[in-house]
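See structure below.
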Amino acid sequence: MESTAAPAPVSRDTPVEACIFAVTGVALAVSLALFVSTPLHESLSSWTDSALPGGVYVMYLLAIVAVVLLGIMSRNVLRPVLYLSWALYLPSILAFSRFDLLSSVIDGGLASLGGGSPPILVLAAGLLLVCTTLAQGAVEEHRALRKSYLERGAGQEEVDTAVRSSLKYVALAIAASAALAALVSVVTTALAYFGEGIALPGGYWYILFAVAGGAVIAFVLVAMLRPGPPERPAPEQAQAPVLTAVPVKK
Amino acid sequence: MKQEVGLSLVLFLAGAATANILFIFLSVAVLLYIAITLLWRGPEDVTVLFDGLERSAWTGETVTFSREIRADGGIGILAVDDRLPEHFLLERGNDFHVFAKGRGPFHAKIEYSVRCTKRGVYLLECGRIEAVHFSGLGQTWIGSCEQEVRITVRPRPLSLRRLRDPRVTSQIPMPPDALHPIGMTTTDFKEIREYREGDPFRHINWKATAKREGTMNSTPFVNEFEKEGRKTVWLFLDAREWMRTGSTIENAFEYAIQATLGISQFYLSRNCGVGVSFYNCHDEILPESGKRQSYRIARHLITVETVAARCGTDRQVALAEAVESIRGHLCGISPFFIVVTMIGKDNASDLIGGIRAMWKYSPGGERPQIMVLHVQGYELAPAGESEKPSAMLVDLETAPLVRLVRKAGAFVVPWNPGTRSLMRVLAVGVKKRRRGR
């Protein structure tokens, strides 16, 4: 006989799902808007307009519908939509590459495909996509955790509360990291702008950035390698001070 | 973690390959996310406060457990799992809880009730805890306490003392008289006999001796009193695997144990010596009287299992062999034999052989008092109303076997635990038998 209660029906936590849907939708819209402002879109537009005026938008719509259908079939709508967003975003960001592989093939190189948007806008869109990717990863992980807890017999309400609270901190961490990354970009750009004229010869400003990047990587490594509690200790090893058991005196 | 590090690496490599500063910024954003989340640890400094390391309950009783969980550090999810042992039925609350651990200190109290459905000694792992980092990037810590809560679930004896009907009060048979060489003398008068060397003078019946005056024999008469523990009851509990007929909780064996406990307590409370043989496995408790014996039998019955679980099927012992093995304890006494079993075609011949062995060791070839309590296990097996007729039919098939056992010299009391109480069955059944005589 089973000693635990029957598992509760597994359903999705609606507010979290709604948030992640909204963020993914915004990311797709921003990527599409960036893509529409690229020369690649103009080329596609002129190519399709000969057959059907405004046909390029029909093509985008069909692509989005196809991706959503693919997502529904794979029971994860958001992941393909996110990949599509990254795909639409790529021409815009590649336009800012200093090392252009396509310059020898196409006139104007990568800039002729994706140029047209201001760098700050492209960076903001990129940060939005990174945030969406991180958020989706966290939500998927929490969804699996939630399902596992419900299957093990935990109450749905307390699981939802715990998952929501945990995701709140994830959202906070994502927002903080995006803000810090934006700050780093602004500071390094400013340093590059001022440094170029004042102290460092042109092109060497990125040394500063490399130092800053190295510091961040070192910081992450230190945080990751920091000694933590042992993983899955044997019951006889799991004792004070990490977990203590004290009988209540009556 | 893999996903985040992978994303950061891809962005960084893309930035390095194309000398694109925007890719590098995006890579830094991911790295910053990892760094920020890892600055906070998962829930730690967890303390579990629990009530009592030793618990005791009756079979079918509801027990409430409570735990207090405290956590002082970290952020994430705390999952507390008590892992109830088998045969424990959750009645109220939940033994598995999930909590959100925020930045502040955490405190929660868990309380749940379980029904102890089967006798035995169980160990309850106290508060197995999973501490999950809020982002999933940190290690999930799993721990449990060193201490375990020990729960002893005792079989509830089917009380035979509560018999209120005056017409049947005296109908449960007592063991026949038998001389027992040892034991304390009680105040119960037995008979007057001639004085023998060693008899205390205070037992001389002067009145009866005076009446002898003038006869040739001048040996005085003495009063003989009953010896304590003189009357002996031997209980034979069938521990064959097929006694498990029924569900894991409600089966013939569980009822047989309750009946054995009830009957033993009934006779022990009447100063009889009670011995129990868990036959098929050479396991016995020698006859003694008093509370200590009652405790010994009860303690043994908490953990007793069927033969296959204890000895293996190749070491099964028949009832006759069980009687043979205790023959030393049958010398000079006429105990009351009670066999608690479930009569079927597999054990009918074994039962008859056992009854013959009981006859064999009866002093002076007297007819021994043998009662077979036949637990109708098939009646416990049906899962619903539709299966009941078939169970009844199967049970009817045992009727000729019951007749054979009766013919061998035992008095058979059929008992369907689902419908009738043991005391009623014993009282009424024995009464009928006496009328029949």
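The table below lists the values:
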| read-out | value |
| --- | --- |
| Residue list for the range B:50-76, filter: surrounded by 18 or more Cβ atoms within 10 Å (Cβ to Cβ) and without any contact (Cβ under 8 Å) to a residue 40 or more places away in the chain | none |
| The range A:159-179, residues that are crowded, with 18+ Cβ neighbours inside 10 Å, more than 18 Å from B:G138 (Cβ to Cβ) and facing chain B (nearest Cβ under 9 Å) | A:V159, A:A178 |
| B:S113 free of Cβ contacts under 8 Å to residues at least 60 places away in the same chain, surrounded by fewer than 20 Cβ atoms within 10 Å (Cβ to Cβ) and assigned to a strand (DSSP E or B) | yes |
| Only one of B:I285, B:I343, B:I352 that is in a helix (DSSP H, G or I) and at pLDDT 85 or above | B:I352 |
| Close pairs from the range A:181-196: first within 10 Å of another protein chain (Cβ to nearest Cβ), partner at pLDDT below 80 and not in a helix (DSSP H, G or I), Cβ under 7 Å, at least 6 apart | A:A192/A:W205 |
| Meets criteria (within 30 Å of B:L123 (Cα to Cα), surrounded by fewer than 24 Cβ atoms within 10 Å (Cβ to Cβ), facing another protein chain (nearest Cβ under 7 Å) and of a type in the set (S, T, N, Q)) for B:T47 | yes |
| Residue identified as part of a strand (DSSP E or B), of a type in the set (A, V, I, L, M) and either more than 8 Å from chain A (Cβ to nearest Cβ) or closer than 30 Å to B:L158 by Cα (or both) among B:L123, B:L137 | B:L123 |
| Unique match (being in a strand (DSSP E or B) and at the interface with chain A (Cβ under 7 Å from one of its Cβ atoms)) among B:I77, B:I36 | B:I77 |
| Condition met for B:A108 (surrounded by fewer than 18 Cβ atoms within 10 Å (Cβ to Cβ), in a helix (DSSP H, G or I) and more than 7 Å from every other protein chain (Cβ to nearest Cβ)) | no |
| Residue in the range B:91-101 that is hydrophobic (A, V, I, L, M, F, W, C), closer than 22 Å to A:A178 by Cβ, facing chain A (nearest Cβ under 7 Å) and touching a Gly at 6+ places or on another chain (Cβ under 7 Å) present | no |
| Pick from the range B:16-42, criterion closer than 16 Å to A:V187 by Cβ and β-branched (V, I, T), ranking: surrounded by the most Cβ atoms within 10 Å (Cβ to Cβ) | B:V28 |
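One line per residue, one yes/no per condition, for (1) at pLDDT 85 or above; (2) hydroxyl-bearing (S, T, Y); (3) touching a Leu at 6+ places or on another chain (Cβ under 6 Å); (4) at negative phi:
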{"position": "A:S3", "(1), (2), (3), (4)": "no, yes, yes, yes"}
{"position": "A:R12", "(1), (2), (3), (4)": "no, no, no, yes"}
{"position": "A:E17", "(1), (2), (3), (4)": "no, no, no, yes"}
{"position": "A:V26", "(1), (2), (3), (4)": "yes, no, no, yes"}
{"position": "A:A29", "(1), (2), (3), (4)": "yes, no, no, yes"}
{"position": "A:L32", "(1), (2), (3), (4)": "yes, no, yes, yes"}
{"position": "A:T38", "(1), (2), (3), (4)": "no, yes, no, yes"}
{"position": "A:H41", "(1), (2), (3), (4)": "no, no, no, yes"}
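The values are calculated or read from the model by the stated rules, or taken from the named source; none is laboratory data. Computed from a predicted model, the values in this text were never measured in an experiment. Quick reminder, even Gly has a Cβ in these numbers, built from the backbone with ideal geometry, and neighbours come from all protein chains shown.
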